[in-house]
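The values are calculated or read from the model by the stated rules, or taken from the named source; none is laboratory data. Given the structure is predicted, the values throughout are model-derived calculations rather than measurements. Heads up, the Cβs are rebuilt from the backbone with ideal geometry, glycines too, and the neighbour counts pull from every protein chain shown.
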Amino acid sequence: MNVLLIGGGGREHALAWKIAQSPLLEKFFAIPGSPGIAAFAECVENISVDDNAALVSFAVDKAIDLVVVGPEAPLVNGLVDSLNDAGIKAFGPTKLAAQIEGSKIFAKRLMKKYNIPTAAFEVFDKPDDAKAYIRKLGAPIVIKADGLAAGKGVIVAQTLDEALNAVDEMKTFGAAGSKIVVEEFMDGEEASVLALTDGDKIIPLIAAQDHKRVDDGDKGLNTGGMGAYAPAPIVDATIAAQVEERILKPTIEALKAEGIVYRGCLYAGLMIKDGMAKVVEFNCRFGDPETQVVLPLMESDLLELMTACAEGSLADKKISWRKSSAVCVIMASGGYPKAYKKNLPIDGMTKAKALGAMIFHAGTKLKDGNLVTNGGRVLGVTTTAPTLREALDKAYRAVEVIHFDEVHYRRDIAAKALK
Ligand code: AMP
Ligand code: GLY
C-alpha cells in the first residue's frame with residue numbers, strides 16, 4: 001500500500017513509526033512530516049495541510065491507497081470528504097462527523113439527546129446572559145468557546161470573578177468564541193480512551209492518562225499535554241466496559257441516528273469518580289501525547305486496522321497488546337504554552353536513544369544539518385518496560401541526557417498511578 005500521513009507533530013511521528021512496521025506498506029509520504037518522520041517517510045513541505053485540493057491532487061499523483069489524517073484541523077476542514085469524493089480512502093472522520101470535536105455545542109447536544117453521561121451545560125450567545133447564569137450557579141464552573149481554539153478555549157474557573165472574566169476572554173477566540181458553553185464542574189480523575197471504529201464496530205485501545213497542566217502537581221496553564229502513560233490503572237476492567245457500553249457505542253449509534261457515519265479514531269476524554277465515567281470532551285483523532293504511549297504497546301498491524309476502519313471492515317479484526325507499560329515525557333520550550341524561543345540547538349539525542357528511549361519529535365527542525373527547537377512541545381521521550389516504575393525511570397534517565405536551553409518538563413509524570 002502507498003500511504004500518505006498528514007501532520008508533523010509527536011503523534012504523527014508515533015503513527016509513522018508504527019505504520020512503517022506494517023508488511024503492507026510500500027511507499028510512504030508525509031505532509032509536512034518532520035525530521036523524526038523523515039526516518040520513515042518522504043516528507044513534503046510545500047503543500048499546506050489546509051489545502052484540500054492540493055492534498056487530493058498529490059494523493060492522486062502518487063497513487064495513494066490510504067491517507068491517514070493526524071490533526072483535527074484538516075478533519076474539521078473536510079479533507080476526508082474531499083479525498084473520498086476523489087475515490088481515495090482515508091482514515092479519519094468526515095467534516096460532519098468531526099464536529100464532535102469541532103463544535104463543543106454539537107458534542108454536548110448529541111450527548112444530552114442520547115443520554116451519554118457528561119456535565120450539565122447551557123449555551124449562550126450573549127455574554128451578559130452567560131454571566132447571569134454563572135452568578136446563579138456559582139464557582140467552580142467551566143467556561144468553553146464553541147469552536148477549535150488549539151486547546152486554549154476552556155477555562156476551569158475556581159472563583160466567580162475568574163468565571164466572569166472568562167466570559168469576556170472568549171471574545172479573543174474569534175469565531176470559536178462567539179458562542180459560549182457554560183458547564184458544570186466535574187471533580188475526579190481524568191483518563192483518555194481512544195477507539196478505532198468503522199462506523200459500526202468499535203475497538204477501544206488501552207487507556208492512557210495525559211498531564212494537561214504545564215507544571216508539576218497539575219499546576220499552571222493548560223497545555224496540549226506534558227506527558228502520558230499507559231495503561232492507566234484508573235480505567236480498570238469495570239470502567240473500561242462501562243466506557244464501551246455507555247459512552248463509545250452509544251456515541252457511534254447516536255451519530256448514526258443523526259445520519260453520520262463516524263470512521264477513524266474517536267477519543268473520549270473522561271472524568272472518573274466513584275466508579276462512574278463521564279465525558280469531558282470528544283476528539284475526532286488520536287490524542288497527543290496519548291498516541292505516543294498507546295502505539296508502542298500495540299502488537300497488531302495498525303495499517304491493517306486503519307484500512308479496515310476506512311473500508312468499513314473492522315468486524316473481523318482484533319487488537320493484541322504487549323503486557324508492558326509505556327511512558328512519554330514531553331520536553332517543552334521554556335515559556336510554553338505562552339511565548340517561547342525557537343531555533344535552540346538540541347543535544348544528547350544519540351545518548352538518550354542508547355538508553356533505550358524512543359524520541360518522538362513534536363516541534364523540531366533541521367538548521368544547517370543540526371537539530372533545533374521549533375515549537376512549544378519539542379520532544380516526547382518514550383519508553384516501555386515490564387512495569388510502569390521501570391518505564392518511568394528509563395524515561396527520566398533519557399530525558400536527563402537531552403539538552404536545549406530553557407528546556408521545561410514535568411518531573412511527576414505517572415506519579416498518580418504509582419501512588
Ligand atoms: P477540553 O478541551 O474540553 O478537554 O478541556 C480541557 C481541560 O479542562 C480538560 O482536560 C479538563 O481538565 C478541564 N475540563 C473541561 N471541562 C471540565 C468540566 N466540566 N469539569 C472539570 N474540568 C473540566
Ligand atoms: N492530549 C490531549 C489531546 O490530544 O487533545
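Residue-level check: of (1) within 13 Å of ligand 1 (Cβ to nearest atom); (2) modelled with pLDDT of 95 or more; (3) over 19 Å from LYS338 (Cβ atoms), VAL214 misses just (3). When ALA139, ALA163, ALA150 are checked against the criterion of being within 15 Å of ligand 1 (Cβ to nearest atom) and modelled with pLDDT under 90, ALA150 stands alone in meeting it.
Rundown of residues vs (1) in contact with a Leu (Cβ under 9 Å, 6 or more places away or on another chain); (2) in a helix (DSSP H, G or I), yes/no style:
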residue: VAL293; (1), (2): no, yes
residue: SER313; (1), (2): no, no
residue: LYS317; (1), (2): yes, no
residue: VAL327; (1), (2): yes, no
residue: ILE330; (1), (2): yes, no
residue: TYR340; (1), (2): no, no
residue: GLY380; (1), (2): no, no
residue: GLU390; (1), (2): no, yes
residue: ARG397; (1), (2): yes, yes
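If you take the residues in the stretch 189-198 that are more than 16 Å from ligand 1 (Cβ to nearest atom) and of a type outside the set (Asp, Glu), which one is farthest from LYS419 (Cα to Cα)? Ranking the qualifying residues of the stretch 189-198, first place goes to THR197. Restricting attention to the stretch 11-60, the residues that are under 20 Å from THR291 (Cα atoms) and in contact with a Ser or Thr (Cβ under 8 Å, 6 or more places away or on another chain) total 8.
For the stretch 1-35, which positions are of a type in the set (A, V, I, L, M), within 16 Å of ligand 2 (Cβ to nearest atom) and part of a loop (DSSP other than H, G, I, E, B)? Those that are of a type in the set (A, V, I, L, M), within 16 Å of ligand 2 (Cβ to nearest atom) and part of a loop (DSSP other than H, G, I, E, B): none in the stretch 1-35.
Looking only at the stretch 93-126, filter to residues that are of a type in the set (Ser, Thr, Tyr) and over 27 Å from ALA139 (Cα atoms); which one of those is surrounded by the fewest Cβ atoms within 10 Å (Cβ to Cβ)?
Across the stretch 93-126, the extreme among qualifying residues is TYR114.
Looking only at residues of the stretch 282-299 that are closer than 15 Å to ALA14 by Cβ and surrounded by fewer than 22 Cβ atoms within 10 Å (Cβ to Cβ), we find that the one that is farthest from ligand 1 (Cβ to nearest atom) is MET298. In the set (1) free of Cβ contacts under 8 Å to residues at least 12 places away in the same chain; (2) within 13 Å of ligand 2 (Cβ to nearest atom), the condition left unmet by ASP218 is number (2).
Residues are listed down the side, and each one gets a yes or a no for (1) within 16 Å of ligand 1 (Cβ to nearest atom); (2) crowded, with 17+ Cβ neighbours inside 10 Å; (3) at pLDDT 95 or above:
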site: ASP200; (1), (2), (3): no, no, yes
site: ILE206; (1), (2), (3): no, yes, yes
site: LEU221; (1), (2), (3): yes, no, no
site: ALA230; (1), (2), (3): no, yes, yes
site: ILE234; (1), (2), (3): yes, yes, yes
site: ILE239; (1), (2), (3): no, yes, yes
site: GLU253; (1), (2), (3): no, no, yes
site: ALA257; (1), (2), (3): no, no, yes
site: LEU270; (1), (2), (3): yes, yes, yes
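Within the set SER82, SER48, the sole residue that is assigned to a loop (DSSP other than H, G, I, E, B) and either small (Gly, Ala, Ser) or crowded, with 24+ Cβ neighbours inside 10 Å (or both) turns out to be SER48.
Of the residues in the stretch 103-115, at least one is within 16 Å of ligand 2 (Cβ to nearest atom), within 28 Å of ASN77 (Cβ to Cβ) and outside any helix (DSSP H, G or I).
Any idea which residue in the stretch 160-201 is nearest to ligand 2 (Cβ to nearest atom), counting only those that are more than 22 Å from ALA139 (Cα to Cα) and of a type in the set (D, E, K, R)? Step by step, filter the stretch 160-201, then rank; the result is ASP198. In the set (1) among the aliphatic types (A, V, I, L, M); (2) closer than 30 Å to ASP81 by Cα; (3) outside any helix (DSSP H, G or I); (4) within 13 Å of ligand 2 (Cβ to nearest atom), the condition left unmet by ALA232 is number (2). Scoring ALA191 on the criteria (1) part of a helix (DSSP H, G or I); (2) in contact (Cβ under 8 Å) with a residue 24 or more places away in the chain leaves a single failure, condition (1). For the list (1) touching a residue at least 12 places away in the same chain (Cβ under 8 Å); (2) more than 16 Å from ligand 1 (Cβ to nearest atom); (3) out of contact with any Asp or Glu (no Cβ under 8 Å at 6 or more places or on another chain); (4) not hydrophobic (A, V, I, L, M, F, W, C), I need the number of the one condition that GLU245 fails. Condition (1) is where GLU245 drops out. Confirm whether ALA352 is surrounded by 16 or more Cβ atoms within 10 Å (Cβ to Cβ), assigned to a helix (DSSP H, G or I) and among the hydrophobic types (A, V, I, L, M, F, W, C). Taking the combined requirement at face value, the residue satisfies it. Taking the conditions (1) outside any loop (DSSP other than H, G, I, E, B); (2) closer than 25 Å to LYS419 by Cα; (3) near ligand 1 (Cβ under 10 Å from one of its atoms); (4) of a type in the set (A, V, I, L, M, F, W, C) in turn, MET186 satisfies each one other than (1).
Please count how many residues of the stretch 273-288 are in a strand (DSSP E or B) and within 16 Å of ligand 2 (Cβ to nearest atom). Before you say what the answer is, go through the steps one by one.
At the first step, the residues of the stretch 273-288 found to be in a strand (DSSP E or B) are 273, 276-283.
Next, from what is left, pick out any that are within 16 Å of ligand 2 (Cβ to nearest atom): 279-283.
Count: 5.
ALA90 meets all of the listed conditions (1) more than 26 Å from PHE282 (Cβ to Cβ); (2) in contact with a Leu (Cβ under 8 Å, 6 or more places away or on another chain); (3) surrounded by 17 or more Cβ atoms within 10 Å (Cβ to Cβ) but one, namely (1).
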